[in-house]
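So the structure is just underneath, and the comments pick up after that.
The values are calculated or read from the model by the stated rules, or taken from the named source; none is laboratory data. Quantities reported herein were computed from a predicted structural model and do not represent experimental measurements. Please note: Cβ atoms are built from the backbone with ideal geometry, for glycine as well, and neighbour counts cover all protein chains shown.
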Amino acid sequence: MSNTAILVERISEAINFILETVQSGFFWLGTAFAALLFIMVWFIWLNKRYKTSKITINIPFGLGNIDYDATDQDRILAWKMYIQLKTRKAALPFDENHDLVYNVYDSLHEIFPMTRNLLSEYSPHYKDVRGGISDFVLRVLNDGIRPHLTKWHSVFRKWWEEALTAPVNIQKKPQELQREFPEYDSLISELKRMNDELTKYAEILMDIVKTSPRRQKARGIKEKIAPEQP
């Protein structure tokens, strides 16, 4: 007999016992047993709905690691975010001969509303109880992607818009023009590192998707978690 069948049989026996107790005149005792049975069934349902597995995540951008219990909701969210990342320029290797910096920055900015929309699908009660994947993805956004955009995006955007309108640049290809940015080498070096880290991010999301309940999954070398930036 399966565990589920045994559980159903035990619950049926408990219900019959409660009914017999009530019919025998012990109303409050029967009520107490009924309340206890309800609590037990509720906990079993909650555990079944949010079945978990311990997982260690080494956060990209050198931000350390976190341990938490991954649930089915985490796996669904990780899959949605993985698809979003793998279809965006931000998580693809930067090709200096064909790609444009401003397109990549637009793609990076789109990750923020995309992540907010997916996280908003969580039940607030679920987040309060489990923590879940939200800690991981918010660290990537706020301490991984945001500092790069803060440092480079507005500076490059201002230069780019002025360079595009300059008469001397009218005949130049966009890829050729962006190489004239005064700090082009430094920007591209950091942008390529950003691409690499987002590729790792996507791989970790897929690790979460593939993790089975009660199976521990770890990627990378465990290290002390880095403090959050102010």
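Per-structure values
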{"item": "Test set (1) in contact (Cβ under 8 Å) with a residue 24 or more places away in the chain; (2) of a type in the set (Phe, Trp, Tyr); (3) assigned to a helix (DSSP H, G or I) - Phe181 fails condition number", "result": "(3)"}
{"item": "Those residues of the range 170-197 which are closer than 17 Å to Leu92 by Cα and among the acidic types (Asp, Glu), in sequence order", "result": "Glu190, Asp196, Glu197"}
{"item": "Condition check for Tyr122: modelled with pLDDT of 80 or more and surrounded by fewer than 18 Cβ atoms within 10 Å (Cβ to Cβ)", "result": "no"}
{"item": "Candidate set: the range 57-76, residues that are of a type in the set (A, V, I, L, M, F, W, C) and closer than 13 Å to Asp135 by Cα; chosen: the one surrounded by the fewest Cβ atoms within 10 Å (Cβ to Cβ)", "result": "Ile66"}
{"item": "Options Leu177, Leu141, Leu187; residue that is under 15 Å from Phe61 (Cβ atoms) and assigned by TED's automatic domain parsing to the domain that holds Asn58", "result": "Leu141"}
